[in-house]
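The values are calculated or read from the model by the stated rules, or taken from the named source; none is laboratory data. What you see is a predicted model, and the numbers here were worked out from it, not measured in a lab. Methodologically, a virtual Cβ is constructed for each residue, glycine included, from the backbone with ideal geometry; neighbour enumeration extends over all protein chains shown.
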There are 2 protein chains.
Amino acid sequence: MPELRKDPVVGRWVIISTERGKRPSDFVIESEERRGGFCPFCVGNESKTPPEVLAYRQNGTDPNQPGWNVRIVPNKYPALQIEGNLDSHGDGVYDFMNGVGAHEVVIETPDHDKDLVDLDVSHLEDIWWAIRERILDLRQDVRFKYILVFKNHGASAGASLEHSHSQLIATPIVPVQVMEELDGYHQYFAYKERCIFCDIIRQERETGKRIVQENDRFISFEPFAPRFPFETWILPKNHQAGFENSQKEDYLSFAEIAKETLLRIRRALSDPPYNFMIHTTPLNNDEQLDFHWHMEIIPKLTKIAGFEWGSGFYINPTLPEDAARFLREIQV
Amino acid sequence: MPELRKDPVVGRWVIISTERGKRPSDFVIESEERRGGFCPFCVGNESKTPPEVLAYRQNGTDPNQPGWNVRIVPNKYPALQIEGNLDSHGDGVYDFMNGVGAHEVVIETPDHDKDLVDLDVSHLEDIWWAIRERILDLRQDVRFKYILVFKNHGASAGASLEHSHSQLIATPIVPVQVMEELDGYHQYFAYKERCIFCDIIRQERETGKRIVQENDRFISFEPFAPRFPFETWILPKNHQAGFENSQKEDYLSFAEIAKETLLRIRRALSDPPYNFMIHTTPLNNDEQLDFHWHMEIIPKLTKIAGFEWGSGFYINPTLPEDAARFLREIQV
């Protein structure tokens, strides 16, 4: 069972997951071994993953057989495990909790050679719908406080398998990054009685200089204070707290803008490694947890070094206004 | 002039430093070009750096000439600039500040082929003394609130030049990582009337299972909730708020334990890339800012991916108790 441990000074939880297991000698060569060769996510290899929890498949095809378009399976090497209770306990100044949670893999396509942006918009729409379905299912489990949807693209962004996939992890604690955004959101709301994200969108649309693109329901732009060059956010233009509570038409519109924005980034930067993550309202939310969901995309172009680790300041060598202009000019 | 910008949601400041300048095309190939070939930190090349602000040199040698043992120069590509005032201002929901600060490079040895751990203990002691001298000088500048001392070892830890060096950056804002530690420190003190770090040291010495080594004045151990495999902290065993206010004998003792601890990490993990950073009390400190200074060492063995970026949770595949045992067993 993975273990959650809390740093007694800053209160940061970490997941100690030795079942993904590394002995000291394992670190000597950073493994790319799992790339190339056999792929458990390819069509025909369905038996090499844990049984699917959701799949969109052609009529008449059986579970865990070919015929699927999008397939969601539990992660074979989960960071958190679904069984058990939290069993929170202490030892002197230290706090522990069992590593309870869910960790699922969204296999975005049966085709090994296609990236997310190579798929049709309707296929991306299916992916968001499938993720929505999993969130609606997982949020019934009262042990879970948050579900993080994210993607690692490229080995240096942390992808251990190259077949296009994203992931969702349900956690028993609201992650600190999300708490910080929620705290900022509520402080601003208490002062202004307005949503900070709605105010940001209004200001961005007035100046236009950091906008990458807009469609009927969404906007993508470079944030004012980006940690990374070409960091890009996508937000619904109308206030919506939770990703899974959006309207049907929203997912199509989000599929369009996500595909085109990621395509601009791919063309501008020669298919860079990147991560995206969706920040949304925590589960079991009440009015206290109003929020404005969004996707954050971070291409991996710069190295994080001692200054960033030690200070929490990020040094960004690219003006977001320049990055936005460059991305706007890309043909999609 | 670099610009400081504040994220309006989470309040995180970033440094936009375009003078270190990257156009989109610059990111396509991650540059290792500056490695190998000419080295501006080597003896004889003193004219290729900005003029030194401090050097420990043989009697009779002139500034910016050979004959030095440790040499500190302003960074040629500074993240922050020494001239100017903060000129804090806003634009709608956004906040700016001029990127005022100091950014210096500590060239730890004239010998290109020696790493920090290859140097004598007395040489390391000179390095800490030189850093202390620079802090005592820089803290007279009332614009600065904090000085971060850090090192990047190895290209994938962010070192752009391989000649052994560390850096110090004086910032006009207390960095958020330090603020979080200070806040945790003061919350604990308000509740217990004891220093959290002193309590951690007491508990670690009682169990012994995460200790790497001890000498008369310092202890190195794996923290209870490490973000990274083989993350290691070094703390003075007696309560001391600020690095620069330590006793003379402390720097020798710190030199010993830092050298041996880093040597264990090098031998255990085949010279991994790593960062270290010193967390100390902010400048212009009063009693409110009591603290317990320490060094954090983070080997770069795992990749930070979308889950970590999106959640702030770290997944660590190695128990700190296992890492500590492994490091203790290394011969130094």
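Structure notes:
- From B:Ile315, B:Ile265, residue being surrounded by 20 or more Cβ atoms within 10 Å (Cβ to Cβ) and either among the acidic types (Asp, Glu) or modelled with pLDDT of 95 or more (or both): B:Ile265
- Only one of the listed residues (B:Lys48, B:Lys114) is in contact (Cβ under 8 Å) with a residue 12 or more places away in the chain and either in the same structural domain as B:Pro272 (by TED's automatic domain parsing) or basic (Lys, Arg) (or both). That residue is B:Lys114.
- The one condition from (1) of a type in the set (A, V, I, L, M); (2) out of contact with any Phe, Trp or Tyr (no Cβ under 9 Å at 6 or more places or on another chain); (3) in a strand (DSSP E or B) that B:Ile278 does not meet is (2).
- Evaluating A:Lys209 against the criteria (1) part of a loop (DSSP other than H, G, I, E, B); (2) in the same structural domain as A:Asp7 (by TED's automatic domain parsing) leaves one unmet condition, (2).
- Only a single criterion out of (1) not assigned by TED's automatic domain parsing to the domain that holds B:Ala55; (2) not in a loop (DSSP other than H, G, I, E, B); (3) not hydrophobic (A, V, I, L, M, F, W, C) is not satisfied by B:Pro223, namely (2).
- Taken together, A:Leu263, A:Leu283 contain a single residue that is touching a Lys or Arg at 6+ places or on another chain (Cβ under 7 Å) and more than 8 Å from chain B (Cβ to nearest Cβ), which is A:Leu283.
For every residue, the table says whether it meets (1) in the same structural domain as A:Asn215 (by TED's automatic domain parsing); (2) touching a residue at least 12 places away in the same chain (Cβ under 8 Å); (3) not acidic (Asp, Glu).
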{"site": "A:Glu83", "(1), (2), (3)": "no, yes, no"}
{"site": "A:Val100", "(1), (2), (3)": "no, yes, yes"}
{"site": "A:Ile127", "(1), (2), (3)": "no, yes, yes"}
{"site": "A:Arg132", "(1), (2), (3)": "no, yes, yes"}
{"site": "A:Ile135", "(1), (2), (3)": "no, yes, yes"}
{"site": "A:Gln140", "(1), (2), (3)": "no, no, yes"}
{"site": "A:Phe150", "(1), (2), (3)": "no, yes, yes"}
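- Selection count where residues are farther than 24 Å from B:Leu263 by Cα and of a type in the set (A, V, I, L, M), scope region B:234-248: 1
- Of everything listed in (1) at pLDDT 95 or above; (2) facing another protein chain (nearest Cβ under 8 Å), the single unmet condition for B:Ser156 is (1).
- Scanning region B:234-259 for residues that are in a helix (DSSP H, G or I) and in contact with a helix residue (DSSP H, G or I) (Cβ under 8 Å, 6 or more places away or on another chain) yields a count of 9.
- Whether a residue is closer than 18 Å to B:Lys237 by Cα and either hydroxyl-bearing (Ser, Thr, Tyr) or in the same structural domain as B:Glu104 (by TED's automatic domain parsing) (or both) was assessed, and B:Ser156 does not pass this test.
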